[in-house]
Amino acid sequence: MQCDITPALHDAPDIAEAEAILRTCVHCGFCTATCPTYQILGDELDGPRGRIYLIKDFLAGSPTTSESLIHLDRCLMCRACETTCPSGVRYARLAEIGRREMEPILGRPASERLQRALLRSIVPYPRRLRPFLQLAQSVKSVLREDWARRIPDCPSPTVETTRPGSDYPRVLLLAGCVQSVSTPGTNLALQKILDTLQIPWQIPAAAGCCGALSLHLGAEEEALGFMRRNIDAWWPWIEQGAEAILASASGCGAMLKEYGQALQHDPAYADKARRIAELARDPGEWLLAQNVELPGIVPHKTKVAFHCPCSLQHGQGLHGRIETLLQRAGYTLLPVADSHLCCGSAGSYSLLQPELANELRQRKLSCLEAEVPDCIATANVGCQLHLQQKSSVPVRHWLELLAEAINNMGRPKNELGHL
Ligand code: SF4
Ligand code: SF4
């Protein structure tokens with residue numbers, strides 16, 4: 001796709017990259033068929049090819065209205081279109097640059113700006129988020145059921161940040177922001193699995209939000225600040241030989257793998273950020289690569305429908321890994337139709353675009369519940385919280401299921417089973 005960038009944007013950062021991405025698109029429209037928002041709305045401008053045209057028109061200096069931003073806002077950034085595209089168009093990166101350039105020129109209503117500012121000022125900070133959730137929890141019992149189910153249980157177990165003897169951790173864990181408050185059992189499960197495998201781990205206390213929320217809300221500098229803070233927190237351990245950074249929320253994992261790209265223009269951090277991206281792993285990806293052994297496991301009757309988050313299958317290209325692990329741990333995995341489609345959670349999307357998010361959730365749950373599972377498993381806290389609002393069965397993180405399998409099926413070491 002040819003695009004002559006308007007002289008007004010020649011000096012904008014990453015414009016050459018956006019132009020190069022635009023050139024890779026051959027207008028074929030294959031991506032449209034797998035776009036969830038196109039499937040619901042049926043408007044070409046609410047599909048990837050239409051959004052690419054809108055960005056191209058803006059960058060070329062054609063007259064653009066706030067309608068273009070509305071179509072871009074409806075995008076989940078799920079990257080299903082990237083998986084489908086035969087030309088390898090990096091749509092998400094293009095949309096990120098396009099939105100960043102459009103927003104200041106096209107503007108947003110004050111109510112939207114306030115909503116986004118509130119999300120950015122609370123959600124990435126566990127110490128601010130926890131009191132809000134605890135307050136909501138205190139009135140949960142008097143709320144309508146559909147409202148009450150929006151509020152996570154918010155347990156607050158003591159989360160350990162290190163293990164004795166882990167001065168030289170093999171792996172670093174990212175506790176995350178929303179996950180550490182709303183579903184802390186996920187990280188505890190990962191810690192338990194690592195302990196069983198006698199793998200020293202560490203959660204550097206100074207690390208925090210991965211930066212994804214700010215980036216997706218158009219606050220790029222704020223996102224880069226989170227990334228630099230995390231790099232500073234992890235770097236001493238990396239210099240000591242830590243071999244991987246495990247993010248148990250797949251959305252955070254996808255973000256870590258893009259640190260190199262995000263900080264490529266920062267001379268002080270570019271090399272370190274590239275190294276972080278190389279070390280970032282989803283726990284499932286890492287466990288499978290280790291070919292490690294767990295206490296012997298036998299098949300049992302729990303039937304699981306697995307929802308593979310977009311950040312895992314499209315963002316990290318790791319479709320099928322968790323299903324393999326769960327099957328090896330003895331669970332019965334049920335077939336799930338349309339598994340490539342987003343559930344509607346998509347970071348802050350479910351709060352900013354509730355109607356589309358609810359429609360997508362309804363479609364996703366009808367696929368997940370079709371074979372009558374005992375539970376639904378997923379790999380990202382956002383999907384977990386979003387789906388459990390309407391699910392008829394519990395929605396768990398797969399790490400909890402794996403940890404339970406180890407717990408229930410523990411046997412002497414000579415009866416080990418391979419992951
Ligand atoms: S990222 Fe997802 S919602 Fe956005 S255009 Fe691509 S497929 Fe559609
Ligand atoms: S599938 Fe790829 S090349 Fe074809 S229209 Fe979509 S983004 Fe462009």
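The values are calculated or read from the model by the stated rules, or taken from the named source; none is laboratory data. As the structure is a computational prediction, the values presented were derived from the model and not from experiment. Positions of Cβ are generated from backbone atoms using ideal geometry, with glycine treated the same way; all protein chains shown enter the neighbour counts. The protein model used for the area step is the full one, side chains on, heavy atoms only, and it has no ligands, DNA or RNA in it. Shrake-Rupley method; radii C 1.70, N 1.55, O 1.52, S 1.80 Å.
Here are the numbers for this structure:
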read-out: Amide H partners (placed H, <5 Å) of Phe306, local residues excluded; value: Leu334, Ala377
read-out: Most mobile listed residue (Glu67, Glu220, Glu323) in the chain, GNM with C-alpha springs under 10 Å; value: Glu67
read-out: Lysine-lysine proximity count for the chain, Cα under 20 Å, sequence distance 8 or more or distinct chains; value: 6
read-out: Added length on full extension, which subtracts the Cα-Cα distance from 0.36 nm per residue, Ala60 to Ala16; value: 14.6 nm
read-out: Long-range HN-HN contacts of Ala244 with modeled amide H, under 5 Å; value: Leu172
read-out: The chain, helix-only ellipticity at 222 nm - DSSP H runs n ≥ 4, -39,500 (n - 2.57), divided by all residues, nearest 500; value: -14000 deg cm²/dmol
read-out: Antiparallel %, DSSP beta bridges [both residues in the chain], to 5; value: 15
read-out: Cβ-placed point charges (K, R +1; D, E -1), dipole of the chain about Cα centre in debye, nearest 20; value: 920
read-out: Dipole of the chain, positive direction: furthest Cα of Met77, Val292, Gln198, with charges on the beta-carbon; value: Gln198
read-out: Å² per residue, accessible surface of the chain at 1.4 Å; value: 43
read-out: GNM result for the chain, Cα springs below 10 Å: residue of Leu106, Leu326, Leu129 fluctuating most strongly; value: Leu106
read-out: Per-residue ³J(HN,Hα) for region 37-51, Karplus 6.51 cos²θ - 1.76 cosθ + 1.60, θ = phi - 60°, Hz, x for Gly and Pro; value: 6, 5, 4, 7, 8, x, 10, 3, 6, 9, x, x, 5, x, 5
read-out: Rg over Rh, two decimals, the chain (C-alpha only, Kirkwood Rh); value: 0.96
read-out: Stretch in the chain that is longest and holds no trypsin sites (Lys or Arg not before Pro) that DSSP places in a loop and that have at most 14 other beta carbons within 10 Å; value: 145-300
read-out: Inter-label distance for Phe132 and Glu243, nm, one decimal - labels placed 7 Å from Cα along Cα-to-Cβ; value: 4.0
read-out: Of Phe58, Thr34, Gly176, farthest towards positive along the dipole that unit charges on Lys, Arg, Asp, Glu beta carbons give the chain; value: Gly176
read-out: Spin-label proximity, Ile105 to region 65-80 - amide N less than 11 Å from point 7 Å beyond Cα toward beta carbon; value: 65
read-out: Pair Gln115, Ala270: separation of 7 Å Cα→Cβ label points (nm); value: 3.8
read-out: Sum of side-chain charges, Gly61 neighbourhood, beta-carbon under 15 Å (Lys, Arg +1; Asp, Glu -1); value: -4
read-out: Heavy atoms of Glu44: accessible area, 1.4 Å probe, square angstrom to 10; value: 60
read-out: Counted charge near Asp11, where neighbours are those whose Cβ lies closer than 15 Å (Asp, Glu -1; Lys, Arg +1); value: -3
